[in-house]
Amino acid sequence: MRVLDGEQLLARIFVGEENKWHHVPLYRALLERLRREGFAGTTVIHGVAGFGATSVIHTTNIVDLSGDLPILIEIVDDQEHMDKLIPILDEMVTGGALVTMERVRVIKYHAGARGASLPPPPPSSVPGALPKG
């Protein structure tokens, strides 16, 4: 597992859900490509409304329902991986998009056990719990 802590970079890619890469939704194609390339992680967030450079509002509102809702793709990684990201985006993001990058401080990054959950705390450690007996 990779170590990712301290000062890193956050890239945000704003696209529409209708953006495609070889007939596949762009967000899905980017997600799979970045995983193959060894990036630390990527999150895709589906927006309920937004507008971009054309100022056309895209929304889930039934009155003016749009088929091109906003998608936000967030990537946090080190400088080396972000340097690889730019040519990938140049290759794959061919339609309307906004890409930003900023420095962030990673506080915690580690994998959790799949399907595992923490056991409940003992009653004595729960604030306000009555002691046994």
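The values are calculated or read from the model by the stated rules, or taken from the named source; none is laboratory data. Keep in mind the model is a prediction, meaning the values are calculated, not measured. Note that each Cβ is placed from the backbone with ideal geometry, even for glycine, and that neighbours are counted across all protein chains shown.
Going through the range 1-55 one residue at a time, which ones are assigned to a helix (DSSP H, G or I) and small (Gly, Ala, Ser)? If you could, list the steps in order and put the result at the bottom.
Applying the first criterion (assigned to a helix (DSSP H, G or I)) to the range 1-55 yields 26-36.
Matches in the range 1-55: ALA29 only.
Mind checking whether some residue in the range 85-93 is surrounded by 14 or more Cβ atoms within 10 Å (Cβ to Cβ), modelled with pLDDT under 85 and not basic (Lys, Arg)?
Let us first name the residues in the range 85-93 that are surrounded by 14 or more Cβ atoms within 10 Å (Cβ to Cβ), namely 85, 88-89, 92-93.
Of the ones still in play, those that are also modelled with pLDDT under 85 are none.
Within the range 85-93, not a single residue is surrounded by 14 or more Cβ atoms within 10 Å (Cβ to Cβ), modelled with pLDDT under 85 and not basic (Lys, Arg).
Restricting to the range 116-133, what's the tally of residues that are modelled with pLDDT under 55 and surrounded by 10 or more Cβ atoms within 10 Å (Cβ to Cβ)?
Total meeting the criteria: 2.
Report, by residue number, each residue of the range 10-40 that is in contact (Cβ under 8 Å) with a residue 40 or more places away in the chain, more than 15 Å from VAL93 (Cβ to Cβ) and within 13 Å of the chain's Cα centre (by Cα).
Hits for the range 10-40 are LEU10, PHE39, ALA40.
I'd like to know if the range 106-115 contains one or more residues that are in a loop (DSSP other than H, G, I, E, B) and modelled with pLDDT under 65.
First, the residues of the range 106-115 that are in a loop (DSSP other than H, G, I, E, B): 107-115.
Checking which are modelled with pLDDT under 65 leaves us with 115.
Yes, that holds for at least one residue.
How many residues, within the range 62-84, are in contact with a helix residue (DSSP H, G or I) (Cβ under 6 Å, 6 or more places away or on another chain) and modelled with pLDDT of 95 or more?
Going residue by residue through the range 62-84, those that are in contact with a helix residue (DSSP H, G or I) (Cβ under 6 Å, 6 or more places away or on another chain) are 71, 73.
Cutting the leftovers down to modelled with pLDDT of 95 or more gives us 73.
Matching residues across the range 62-84 total 1.
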